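In what follows, a single structure is set out as structure tokens and then discussed.
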Amino acid sequence: MGRVRTIARRTFLIGTAAVAGGLVVGAIAYHWPLKNPLLDDLDEGDAALTPYVRIDRNGITIITPRADLGQGAYSMQAALVAEELDVAWGSFSVEPGLPSAAYYNGAVLAEGFPFAATNDGFLANRARGMGGVISKLIGLQITGGSSTVPDGYEKLRMAGAVARQLLLAAAAKQTGVAVSALRTQDGEVITPNGDRIPYRTLGAAAAQMRAPSHVTLKDPTEWRLLGQPMQRLDIAEKSTGVTKYGIDLRFPGMVYATVRTNPRIGGGMLSVDDAAAKAAKGVITIVPITGGVGVIADNSWRAFQAAALLQPQWGPAPYPSTSSEIWENVAASFTDDLKDSRFKNEGNVDGAISSAGAQALSAEYRVPFLAHAALEPLNAIVRFDEGALAIWTGTQVPRFLQEAAAKVAGIHADDVTLHAQISGGSFGRRLETDYVVQAVEVAIAYPGVPVKMTWTREEDMTHDFPRPLAMARARGVVQNGQVHAYALDIASPSVSASQTSRLGASLPGPDLGIVAGAWDQPFAIPHYRVTGYRVPETVPVSAWRSVGASANGFLHECFLDELIHAAGADPLRERIRLCTDDASRRVLEAVGEMSGWGTPLAAGRGRGLAFTLSFGVPVAEVVEVTNTPAGITIDRVFVACEVGRVLDPVNFESQVEGGVIWGLGHAMNAEITYADAMPEQTNFHQFYGMNLGQAPVIVVQALETVHQVRGIGEPPVPPAAPALANAIFAATGQRVRELPLRKHVRFA
Amino acid sequence: MRLVVNGQPHELDLEPEMPLLWALRDELGITGPKYGCGVGVCGACTVHVGGKAVRSCSAPVGSVKEPVTTIEGLGTRESLHPVQKVWIELQVAQCGYCQSGQIMTAAAFLAGNRQPTDEQIDQAMSANLCRCGTYPRIRAAVRRAAAALGGR
Ligand code: FES
Ligand code: FES
């Protein structure tokens with residue numbers, strides 16, 4: 001039996017948030033119907049049955065408004081619709097859709113309120129519902145926060161189910177057979193006498209039908225696609241080199257451009273000598289842009305060559321010059337003035353620490369700035385023509401991008417057409433719009449033809465908004481073989497403040513990102529406190545795969561490991577004893593079993609455990625290392641996690657593997673440092689994660705014991721670094737309190 | 001200058017120092033080889049020149065005397081190269097941006113070594129970067145392709 005979902009008739013287009021957010025209806029004008037963006041663009045005989053399904057004479061198109069950055073989002077969104085629409089896998093096209101408020105993301109803000117993800121109380125649910133409402137009101141069509149699946153899980157299945165109901169109704173009218181006697185299969189309605197009517201011929205009639213007041217979603221036991229391994233829709237193309245990323249598109253008359261701006265972000269350009277660049281082969285023109293210049297040529301490489309000949313005088317940075325000065329700022333931020341949050345404050349931490357006197361433990365931890373460095377350098381193709389902009393690029397924020405581009409061009413956002421492209425990675429970088437704004441500036445200076453602006457790798461790496469650095473000062477007390485008190489002070493610049501300031505706004509209140517993955521962990525330590533300090537912004541920063549938890553997993557879990565070892569307790573058993581959340585406990589138990597925790601290892605080998613609850617997903621990882629004469633090897637990683645239902649087991653495993661490699665690789669090797677207020681790392685010889693030969697065997701288990709659906713793109717990242725550091729301690733006795741680890745240990 | 005790419009001869013009038021990558025991408029419109037670093041450290045631009053894996057971002061087009069094969073010429077959806085076939089079976093790609101280079105590297109390696117050890121596979125594939133972290137699947141795919149190609 002499926003569950004029946006009632007749809008408010010005028011709002012069915014925007015999905016189940018109307019149900020999930022029922023608590024707050026009335027407080028805000030929540031039922032404003034959002035415009036279906038597909039309706040603007042239909043020919044006669046075509047039908048847009050919901051914002052997610054278009055049926056025309058050529059067939060069925062499923063709209064997948066969340067960006068595919070490599071995480072398989074197009075396939076996943078299509079599968080959710082296709083399951084209920086009842087169409088064969090791969091028998092439809094997929095389109096990213098236009099920027100529209102109808103594609104608001106109700107899940108991404110849901111965790112932005114100060115209630116831990118394990119707190120299911122009324123207040124917490126109400127606050128999460130409010131996140132959905134706010135996101136709807138500002139039309140936040142954003143990809144991020146591992147939210148694609150939770151946001152789409154009901155909304156997209158309902159979209160498919162509504163479309164199927166309308167098609168059935170149209171077929172009933174056409175054949176005179178009652179809807180209840182009709183069935184569907186693989187994109188066709190089937191009558192009792194076996195006639196098959198393709199959906200594609202029913203589209204126009206279906207659009208005339210009354211939208212159903214309720215639909216019944218399939219019970220998961222009836223699923224044909226979801227829950228099974230599916231071949232990602234993009235996999236064959238990506239394996240034969242025919243996928244077109246934004247950087248690959250070509251148009252007649254297109255010219256090729258690159259830009260150079262000040263790597264001291266915000267410092268501007270004082271002057272430039274462009275004589276040599278102008279004279280270089282293939283250069284068409286050189287145009288000024290904000291804080292630098294654009295070089296337009298007849299070939300990307302020629303544009304790069306010419307750009308290298310530019311002699312710019314960069315202005316001074318609005319922040320300190322060197323990493324050591326920036327660290328001094330961080331170290332000076334543990335003050336009452338800069339205290340940002342203290343959402344975790346249990347027992348009497350100060351009392352417990354002072355009565356322990358010299359027995360109290362303390363340590364300082366550091367994590368560095370990190371670049372996103374997706375393998376596809378940032379790029380955009382822009383044509384400015386008769387007061388309108390056409391833009392081809394990959395983005396996680398189509399609506400913001402449209403507005404930012406419109407503002408630069410002095411036109412209305414409606415006159416900006418965005419063609420969303422597949423991205424060669426992002427990891428949060430495409431939440432920003434800087435690269436597109438630059439391409440727009442270049443295109444405005446050279447109107448009438450498409451201008452493909454590509455950043456060199458060097459421009460990309462030195463103009464990132466990096467993951468912020470962070471420092472933790474931790475203190476704790478152990479007693480009777482147990483962790484008794486834990487005080488964690490974390491100082492970091494605020495990602496949210498930095499991002500919203502670039503949108504011309506400010507975010508009131510504390511930034512949970514500073515303490516995410518630390519304040520909200522499900523442990524009942526008698527005296528337990530997590531305090532966030534907001535370091536005044538130096539280098540502008542942004543969200544990086546798993547955001548605040550990417551740093552805080554390491555900060556929280558390494559010192560917890562220190563305390564457990566000091567108590568003489570077992571890292572797994574003590575965490576299980578302290579754990580207050582059932583799903584988290586099961587995850588810890590599972591990883592213990594998978595990894596053979598507690599079984600003896602040969603000399604020189606070690607196991608490390610870490611656990612982080614982030615984005616509502618508890619993840620426990622055990623890393624096994626060997627200390628060889630050539631250095632440390634990472635042999636195996638065991639991952640247990642709880643996302644509720646796994647919708648595509650193969651892609652799920654890929655995302656976990658990718659997250660673990662991301663977390664481990666950066667922990668081993670990567671940092672962005674500053675000298676002369678510029679990043680010192682300019683390309684992948686200086687900024688890199690691990691290579692294939694260093695990659696461990698990764699064993700993944702999803703528990704599927706809770707009734708929720710969560711994304712997995714980010715949660716495996718935070719526990720990877722601390723599990724590795726804890727393993728290195730187990731194997732060598734050396735406690736490394738700073739990333740990247742290679743500053744202190746050698747990897748083979 | 002004359003350049004044979006995927007069996008097609010092309011007459012090009014280019015400065016010889018232009019990297020093969022950009023001759024392919026911007027002059028010939030062959031975009032399977034990718035720009036990742038431009039300095040020979042990521043492998044995204046890997047193509048075959050005379051059957052050998054070459055980083056096209058660092059090979060001046062004027063120095064290329066032998067025929068060039070890009071991912072587009074290795075195999076197509078209709079007639080897949082055995083390496084591409086296992087890449088699809090194991091669903092290796094995430095963003096996929098590095099995968100042309102990974103596949104071209106693996107294909108050239110396996111053509112020269114039909115019975116590679118696991119260590120040789122790791123070594124052969126270790127200079128190609130994947131930011132998405134598909135290494136475990138690449139490793140499994142190369143092992144399986146080696147087996148399929150008649151080795152082990
Ligand atoms: S682009 Fe050639 S090796 Fe990176
Ligand atoms: S699949 Fe994205 S870089 Fe390798």
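The values are calculated or read from the model by the stated rules, or taken from the named source; none is laboratory data. Bear in mind the structure is a predicted one, so any value in this text is a computation, not a measurement. Neighbour counts run over all protein chains shown; Cβ positions are idealised from the backbone, glycine included. Accessible surface is based on the protein model in full, side chains and every heavy atom, while ligands, DNA and RNA are left aside. Shrake-Rupley method; radii C 1.70, N 1.55, O 1.52, S 1.80 Å.
Here is how the numbers come out for the structure above:
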quantity	calculated
Span from the the stretch A:277-341 Cα centroid across to the the stretch A:547-607 one, whole angstrom	42
Share antiparallel - DSSP beta bridges, the stretch B:2-74, percent rounded to 5	90
A:Q479-A:S506 FRET efficiency (beta carbon distance; Förster radius 60 Å; 0.05 resolution)	0.85
Chain A, accessible area per residue, ligands and nucleic acids excluded (1.4 Å, Å²)	35
Considering only the protein assembly as shown, percent of DSSP beta bridges that pair antiparallel, nearest 5	75
Solvent-accessible area lost in complex, 30 Å² minimum, residues of the stretch A:402-450 relative to chain alone, 1.4 Å	A:F427
C-alpha center-to-center spacing [the stretch A:448-474, the stretch B:46-119] in angstrom	29
Using a Förster distance of 45 Å, the FRET efficiency for A:K407-A:A88 (Cβ separation, nearest 0.05)	0.55
Listed peptides A:74-84, B:32-42, A:681-691, A:548-558 by packing density, highest first (mean Cβ within 10 Å)	A:548-558, A:74-84, B:32-42, A:681-691
Three-way shape call for the stretch B:2-74 based on the alpha-carbon gyration tensor, with the a/c threshold at 1.5	rounded
Cβ-derived FRET efficiency at R0 25 Å, A:H744 paired with A:A675, nearest 0.05	0.70
Long-range tail of P(r) for the stretch A:662-737 (Cα pairs > 16 Å, %)	66
Rg/Rh (Cα only; Kirkwood hydrodynamic radius) as it applies to the stretch B:82-148	0.91
In order through the stretch A:244-259: 3J(HN,Hα) via Karplus (6.51 cos²θ - 1.76 cosθ + 1.60), integer Hz, x for Gly, Pro	9, 7, x, 5, 9, 5, 9, 10, x, x, 5, 10, 10, 9, 9, 10
Length added when fully stretched, B:T76-B:A147, from 0.36 nm per residue minus Cα-Cα	23.4 nm
Point-to-point label distance, A:E346-B:K65, nm (Cα→Cβ direction, 7 Å offset)	7.4
Label point distance in nm, A:T216-A:V706, each placed 7 Å from Cα along Cα→Cβ	3.1
Amide H partners (placed H, <5 Å) of A:Q681, local residues excluded	A:T673
Surface per residue (accessible, 1.4 Å probe) for the stretch B:2-74, Å²	37
A/B buried area, accessible surface, summed, 1.4 Å probe, Å²	4700
Hull volume in cubic angstrom per residue (convex hull over the Cα atoms of the stretch A:242-381)	206
For chain A: rounded, prolate or oblate by the Cα gyration tensor [a/c cutoff 1.5]	oblate
Percent RCO, i.e. relative contact order, over chain A, from Cα pairs under 8 Å lying at least 6 residues apart	13
Shielding by partners - mean other protein chain Cβ count within 10 Å, residues of A:533-545	0
Length-normalised contact order of the stretch B:82-148 in % [C-alpha pairs under 8 Å, at least 6 apart]	52
Mean residue ellipticity (222 nm) of chain A, computed from DSSP H runs ≥ 4 via -39,500 (n - 2.57), nearest 500	-9000 deg cm²/dmol
Top positive-direction residue, dipole computed over the protein assembly as shown with Cβ charges, set B:G7, A:A590, A:P571	A:A590
